[in-house]
Amino acid sequence: MTSSSLSGVPVADQSPLHPFGLVVQVPEGTRIGELPIGTLTRWTEEARVLVLRGCAPLDTQEFADYCRLWGEVLLWDGAAVIDLVVQDNPKNYLFASGDVPFHWDGAFVEADPRFFFFQCLDATPGAGGETVFCDTTAVYRDADEDLRRRWEGVSITYSTEKLAHYGGQVTERLVSRHPSTGSPVLRFAEPLDPAVYKNPVFAAVDGIPQEEADGFLAEMSARVHRPEYCYAHAWRTGDIVIADNFSLIHGRNAFTGPTSRHLQRVEVI
């Protein structure tokens, strides 16, 4: 494997992910601050998910400071960096060992994050817990005109109790526009059964007959889970992932065994 430079980024190797995404291997120990933000932004917008491997690890403050170079960082209960680890007695399903259904970050805050960043400090290979991304621009692109018109008239009100670092109630149109490209995107979060998930999310649909609402939500969930729209990221220690929060919704597969996995997340408005 030979090193080269691509758009100012020292690249040892790069390859597309399936069905979308890009993984870039840089020379081991590269400082992420040495990589041009303009190039990384372009790659993220084009690929939806950008995986960087080989970068030197960042401590918590360095991680937050780096993300601030991209823009304003969204604070959750005053913290820029959220540690994502499985807890023994979690109040919220995000910190449990089960699956995390699809959602977009920032649904219950006033400012929508533009990008979100993950840093993997510890991975447990083979234990499940893959982060799953759905490209909603592709979901919209493949829908026929009648279905698109139906979606354009739909709004969904989401509500959940504030037990962790978010909560409340928000109403969003199902179809929105990407702030940079103008492409149609879907703002969809799966409702969560209170018998299964801690801190469940409820969804009320406006714009279709109420007797069709449950079927509509079930059909949307099935559609966004189609494999042609989803990339499941199996984490490796040291991975840095940058993702486009407007094009994507994301979730997590359940863990299949004990795990010590530790991710850190920062969101940039």
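The values are calculated or read from the model by the stated rules, or taken from the named source; none is laboratory data. Just so it is clear, the structure is predicted and the values come from calculations on it, not from any experiment. Glycine also receives a Cβ, built like all others from the backbone with ideal geometry; neighbour counts cover every protein chain displayed. When the accessible area is computed, the model is the full protein with side chains, heavy atoms only, and any ligands, DNA or RNA have been set aside. Shrake-Rupley method; radii C 1.70, N 1.55, O 1.52, S 1.80 Å.
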Fill in: Count - residues of the stretch 110-139 that are farther than 20 Å from Phe246 by Cα and more than 14 Å from the chain's Cα centre (by Cα)
9
Worksheet item: Would the stretch 183-202 turn up any residue that is within 30 Å of Tyr66 (Cα to Cα) and surrounded by fewer than 18 Cβ atoms within 10 Å (Cβ to Cβ)?
Response: yes
Fill in: Subset of the stretch 232-269 [open to solvent by less than 40 Å² (accessible area, probe 1.4 Å), more than 15 Å from Leu58 (Cα to Cα) and part of a strand (DSSP E or B)]
His233, Ala243, Asp244, Leu248, Ile249, His250, Gly251, Arg252, Phe255, Glu267, Val268
Practice prompt. Please name all residue pairs, on different chains or six or more residues apart, with Cβ atoms under 9 Å, provided the first residue is in the stretch 107-131 and is over 29 Å from Glu161 (Cβ atoms) and the second residue is open to solvent by 40 Å² or more (accessible area, probe 1.4 Å) and acidic (Asp, Glu).
Written response: Leu121/Asp83
Worksheet entry | Members of the stretch 57-78 found to be outside any loop (DSSP other than H, G, I, E, B), surrounded by 14 or more Cβ atoms within 10 Å (Cβ to Cβ) and over 17 Å from the mean Cα position of the chain (by Cα), listed by number | Thr60, Glu62, Phe63, Ala64, Asp65, Tyr66
Worksheet item: Has the stretch 157-164 got any residue that is surrounded by 15 or more Cβ atoms within 10 Å (Cβ to Cβ), touching a helix residue (DSSP H, G or I) at 6+ places or on another chain (Cβ under 7 Å) and either at pLDDT 95 or above or of a type in the set (A, V, I, L, M) (or both)?
Response: yes
Worksheet item: Pick from Glu62, Glu28, Glu45, Glu34: which is out of contact with any Pro (no Cβ under 9 Å at 6 or more places or on another chain), of a type outside the set (Phe, Trp, Tyr), over 15 Å from Val266 (Cβ atoms) and free of Cβ contacts under 8 Å to residues at least 60 places away in the same chain?
Response: Glu28
Practice prompt. Please indicate, with yes or no, whether at least one residue in the stretch 212-223 is assigned to a loop (DSSP other than H, G, I, E, B) and either open to solvent by 10 Å² or more (accessible area, probe 1.4 Å) or touching a Pro at 6+ places or on another chain (Cβ under 6 Å) (or both).
Written response: no
